[in-house]
1. Being at pLDDT below 95 and within 19 Å of B:Ser32 (Cβ to Cβ) is true for just one of B:Asn182, B:Asn169. Which residue is that?
2. Go through (1) in contact (Cβ under 8 Å) with a residue 60 or more places away in the chain; (2) within 18 Å of B:Leu27 (Cα to Cα); (3) assigned to a helix (DSSP H, G or I); (4) touching a Lys or Arg at 6+ places or on another chain (Cβ under 6 Å) and name the single condition B:Ala84 misses.
3. Of all residues in segment B:92-111, how many are outside any helix (DSSP H, G or I) and surrounded by fewer than 21 Cβ atoms within 10 Å (Cβ to Cβ)?
4. From B:Gly26, B:Gly62, grab the single residue that is surrounded by fewer than 17 Cβ atoms within 10 Å (Cβ to Cβ) and under 21 Å from B:Val223 (Cβ atoms).
5. Name the residue that is nearest to B:Glu39 (Cα to Cα), counting only residues in segment B:221-237 that are without any contact (Cβ under 8 Å) to a residue 24 or more places away in the chain and within 8 Å of chain A (Cβ to nearest Cβ).
6. List the number of the failed condition for B:Val146; all other conditions in (1) over 25 Å from B:Tyr245 (Cβ atoms); (2) free of Cβ contacts under 8 Å to residues at least 60 places away in the same chain; (3) in contact with a Phe, Trp or Tyr (Cβ under 9 Å, 6 or more places away or on another chain) hold.
7. If we only count helices (runs of 4 or more DSSP H) wholly inside segment B:149-246, which ones have 2 or more residues that are polar (S, T, N, Q)?
8. Considering only residues that are in contact with a helix residue (DSSP H, G or I) (Cβ under 7 Å, 6 or more places away or on another chain) and outside any strand (DSSP E or B), look in segment B:6-24 and name the one that is farthest from B:Thr237 (Cα to Cα).
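The values are calculated or read from the model by the stated rules, or taken from the named source; none is laboratory data. Computed from a predicted structure; not experimentally measured. Cβ sites come from the backbone with ideal geometry, for glycine too, and all protein chains shown count toward neighbours.
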Amino acid sequence: MENKRKRQSIFDLIREYVEELKELEEGWPPTEHPSWDPRACSLEPLCNIFVAVKEVIVTADLPYAQPSSIKVEPIDDDRLEITAEMKRKVKFEELGITHYKGEFSTFSCQTHIPVPVDMKNIKTSFKRGVLEIRLPRKSRHEIPIT
Amino acid sequence: MKTARIVERKPVPSEAILVHGMPDVGLVGVISVSHLVTELKLVEMGYVDSEALPPVAVLHEGLPHAPMRIFGNNNLVITISEMAIPANSVQLLMRTLLDWGQSKNPKLTVSISGMPIQNRQDIDKPKVFGVASNDTLLKLLEKKGVEILREGYMVGPQALILRYCAEKNLPAIALLAQSFLNYPDPEAAAAALQEFSNITGIKVDIAKLLEKGEEIRLRARDVMKRTQQEMTKMKKTQEYDLPLYV
């Protein structure tokens, strides 16, 4: 009885309402989309961006990628396109999925770089199936300390 | 107020080794315990039912299953979540699992997880660090050659499991393998399982896990992506912070 009364208290209702509002806020704007595109036979790789003091480090997880096929191309001043061919085609069925049809042979994604970088001096490496791209940050004005 | 309960569909043995593999850094825990289920042919024994979890059914062979389940045999019980745990539900769910775990009087509770390291690409064999709920177990880890994580922060399900076990005086350890923060890491899972075998004496063949590494990384992408979103909410990067001791 006491539990029932506790659950129905105004404070519990307010707390639940605030939690619901927070959940709505976290899910907004709705940007979710599948990580695969069967028409383009393409998978979107997992990507991460780390902004360091002197450079921006972008990484992408590319399992099954053919190292020689990996391409990193600047699209404009603040966007990079990463593409790679896979060593072999992977079908939905191989991943245990039978209600979709299709196969994937490439990785493809575009990444937004959040700070100004020098796109002409990109360095890349590919180790343990992870692509690492290092972009030097554009030099900023230095304020002399007197 | 949200609640959670454990539903046992088969009798879960007492005094077994209890292993938790929850979605976290590099999905090391999930990949490890999933391999244990396959390799040791563990059977499904129960699941976690809670309105704190999203309204999800995981379909296997056409049949619906709860995303957070319990598997086991006579001397090993594991818990696994096949989907990211909402950050605001971790406390309730881990507390529920631990209260239930306590009723089973486990011989040892083991959490398997990852420890993010920035230059993971350069590491051939990930190192596994250990933490424990009491001094005796710390000494056991040292005796087994496991380096102790002496100072720092732990964030996430395994942090709560360890803290609650210490609070309840339950023998518990956590094995944390160096891993990618946001990419599935089967190699780190294999390293953690090797250490698990070394400590518990339970033999696990990790060859297949390493063989299927790329396939696992491909399959685990979406769970990793959602786990990454929840880790951000949990302030997971606090694990990189330098601790302040008072």
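1. Of B:Asn182, B:Asn169, the one residue that is at pLDDT below 95 and within 19 Å of B:Ser32 (Cβ to Cβ) is B:Asn182.
2. That leaves (3) as the condition not met.
3. 4
4. B:Gly62
5. Across segment B:221-237, the extreme among qualifying residues is B:Asp222.
6. So B:Val146 meets the others, but not (1).
7. The qualifying helices (runs of 4 or more DSSP H) are B:186-200, B:221-233.
8. B:Met22
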